[in-house]
Each structure stands twice: as C-alpha cells, then as structure tokens.
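Derivation of every value follows stated rules applied to the coordinates shown; laboratory data play no part. Predicted model, so just to flag it, every value in this text is computed and none were measured. Note: ideal-geometry Cβ built from the backbone for every residue, glycine included; neighbour counts use all protein chains shown.
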Amino acid sequence: MKKYKFQDLKDRNLHLAEQLKAAAAKVIDSGRYINGECVAKFSDSLAQMCSVRNAVCVSNGLDALRLIFRAYIEMGVMAPGDEVIVPGNTYVASYLAVSDNGLVPVPVDVDASTLNLDTSLVEAAITSRTRAVMVVHLYGTPCWDETIKSLAKRYNLKIVEDNAQAIGAYAAVSGFSGSYATGGLGDAAGISFYPTKNLGALGDAGAVTTNDDRLAEVVGALRNYGETSRYHNAYCGCNCRMDEIQAAFLQVMLSDLEAENRHRSSLARIYNREISNPLVSKPTIFNDMGQVWYQYVIQSPERDRLRSYLDDCGVATDIVYPVPAYKQPCYRHLNVDKLPVTEWLASTVLSLPITSITSPDDAVEISNMINKFVF
Ligand SMILES: *Cc1c(COP(=O)(O)O)cnc(C)c1O
C-alpha cells in the first residue's frame, strides 16, 4: 500500500543537499563559526524579504519572541505584571515568550474563518495594564486588519507578530510602515527557522524583524550577553546567537522558499477543489492576502475517526493543536474562561500533508479517500 508521509525532512531537502553540503564546507573552512559574514548576509536578505530596516538573527523562534518582550522591558515600554493579549489558538511558545518575562498572557478567542485572533474581541480584553497584542499568523494565514491597527494606535499598544508559521505571506491591509509582508506589519516580529517550518534550518535558528532601530539594537545586545560594546554590558543578557553554519544553510533554503510556498499553495487549492465530504470543512482561501500554508487544516466533528481511517489508508496526518496553550497544566493559574472557537478547533482540526514531498496527484488521491469516509 502506498504511504503518504506527513513530512520527511531528508526527502524535502534532497534537491538542495549538494548546495547545503557546499555551504557547510565553506563555513568549516572559513574558521569563523559565530557572528560572521553568513549571519550578516542572511540578516540583510531577511530584512529585505519582510520590508523592514532590521533583522537580528537569534538562536530560535521562542528566543526571538522572548527577546522582543525583554527588550521592551529594558526600554521601559513594559514592566513585569503588564498584560499581553494573545490568541487562544496558537503554539505554547507564543505564551512562553510572554510569561518568561514576568508578563501576563491574556488569551482571546479566535475567528472561525481565519482561525487567527478575533480582532473584534480584543478591545473588551484591554485593561489599564495591557501593553501589547501578539498577533500569530497561524498555519501561514496573516492576522492583520484595520481593527487591530487602530486599536494599537488608540490604546498605545505594541503589536508583536509571531511570524513563526508565515514567512513569505502578505496581508490584505498594510502594516504600520506600509509593508504588507508578515514580519513587517507590527512593531516587531519573531520568526522561527525550526527545521519543519516553511523556511527551515538544519537545527535551531530564529530572528527578530523590526523597523524600530532602538529595539533592534537592544535585542542585538541581549542576544550577546547584553554587550553594547566589547566587555561593556549594558544589560544582563543571554547567549541567544545564531550559528554561522545555520545562516549559511538558511541562505540556501531562502532561494527555495518561493517555490516551496507556491507548491503548498497549489496543493491547498487542489484539496479545496477536490474535498467534498459533508463531514469535513475546508480552510478559507483568502483572495486578498497571500497565505503560505504551513499547515493545511480541515475540520471535522468526527476528527478522531477520520484520522484513524486515513491512517488505515496510509495517510499520515497531524493535530495542530490538540490542547489550547491556556489549558496546559503550566498555565492553570491563568484561570481562563472557555474560549468556544479555540476549544471547538482543538477537538476538530486535522492537518493534511502539504509539503514539497506531497505531489498534486497525492493531494487528489488523499481528497478521494476523504470523500469516501462515512461515519
Ligand atoms: C515553531 C513556533 C514557535 C517557536 O519557534 P522555535 O524555533 O521552535 O523556538 C513559536 N510560535 C509558533 C506559532 C511556532 O509555530
């Protein structure tokens, strides 16, 4: 029986293997492994891609987000105990970046169509302690509209983007500085280059993108022990740098990102065209924004049965995410009221294979299997 894998990083990177090996050899022979020209060059490429003035390469996506909030605290923009509005439906790392800084994540429900933060519910969650809203471009769909833009202005809130899943995506409405690209919409953004992300390193890596020069400076210092010049520590920083070898790999991967995103987008269109089972609802394809399909997420009230049926058919799937972050044991103390859309999603979402190892024919075959699923 044919197997349809959900993801296979070796296969996915196979067509780039020679280039990646050459890039590694070059770094090895250079003798420079940290803070060298690969990181500098990749930062420039990334800043350009997100239409921002600064990209600061760091160790991973969580550290990118964590250092943004830490920098705002160092800058006196926020203080421990302040609140940050976060979406109910996201990866736990979005919350960890907030709580690790002594800030309080305030979960708000998501919209049933975008599956992102429901911006119409944000104003009611704002208190005198709210300092920021974190917009997460979940599954590769930008979370950005006029409402969030005007609320930020009216209440003087920072907008931090969790861009871990949406590099290369663009929104329908421009951001604060005119950019439509995710990573350039709000005040600052964190990106992850975890190997399974659309732009993945061969290990951990991440970056902060921002038009705020001061913020970039502080994040740049914080990632390197808080040093603002050699042996002068303005902050009690950390060691959150990106390796040269990962930057070199990422430069190679970046040349392939557009093709990867285009492939995913064509598979999403095939699934949306072919799947017609009334027990299954399909994600919305928005004509006015560019989604990059980190995940292709269907919903079904019979999700668990559908998943084991597909497993029997040889199709591997994933659930992103089965438990909302605020319901994790570590966030018990937040005492969040039920967020109905988020909790409905946790029990109904199912991700289908959508990376470059899945072919258009595979997508048609998988759709046909889904159409034969009966309860
Ligand atoms: C992957 C991810 C992160 C964390 O990135 P790491 O590089 O794994 O630390 C944060 N937020 C979201 C939404 C993610 O998908």
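Quick look at the numbers
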| quantity | calculated |
| --- | --- |
| Total charge dipole magnitude, the chain, about the Cα centre, Cβ charges on Lys, Arg, Asp, Glu only, Debye to nearest 20 | 180 |
| Per-residue ³J(HN,Hα) for the stretch 196-208, Karplus 6.51 cos²θ - 1.76 cosθ + 1.60, θ = phi - 60°, Hz, x for Gly and Pro | 8, 6, 4, 10, x, 7, 10, x, 7, 6, x, 7, 10 |
| The stretch 1-157 - percent relative contact order, Cα under 8 Å, separation 6 or more | 16 |
| Relative contact order (%) - the stretch 232-375, alpha-carbon pairs under 8 angstrom, separation at least six | 33 |
| Sum of side-chain charges, Thr130 neighbourhood, beta-carbon under 13 Å (Lys, Arg +1; Asp, Glu -1) | +1 |
| Whole-Hz ³J(HN,Hα) from phi, Karplus 6.51 cos²θ - 1.76 cosθ + 1.60, for the stretch 315-329, glycine and proline x | 9, 7, 10, 9, 10, 10, 10, x, 10, x, 3, 6, 9, 5, x |
| Per-q log10 I(q)/I(0), the stretch 241-357, q = 0.17, 0.18, 0.19, 0.20 Å⁻¹ (Debye; single scatterer per alpha-carbon; no solvent) | -0.99, -1.04, -1.08, -1.12 |
| Average Cα contact separation per residue, the chain, under 8 Å, 6 or more apart, as relative contact order % | 22 |
| Residue-count net charge about Tyr309 - beta-carbon cut-off 14 Å; Lys, Arg +1, Asp, Glu -1 | 0 |
| Shape of the stretch 132-197, Cα gyration tensor, a/c cut at 1.5 | prolate |
| Cα gyration tensor shape for the stretch 1-121, rounded if a/c is under 1.5, else prolate or oblate | oblate |
| Tensor-based shape of the stretch 139-287 (alpha-carbon gyration tensor, a/c under 1.5 rounded, otherwise prolate or oblate) | oblate |
| Rg to Rh quotient for the chain, alpha carbon positions, Kirkwood Rh | 0.97 |
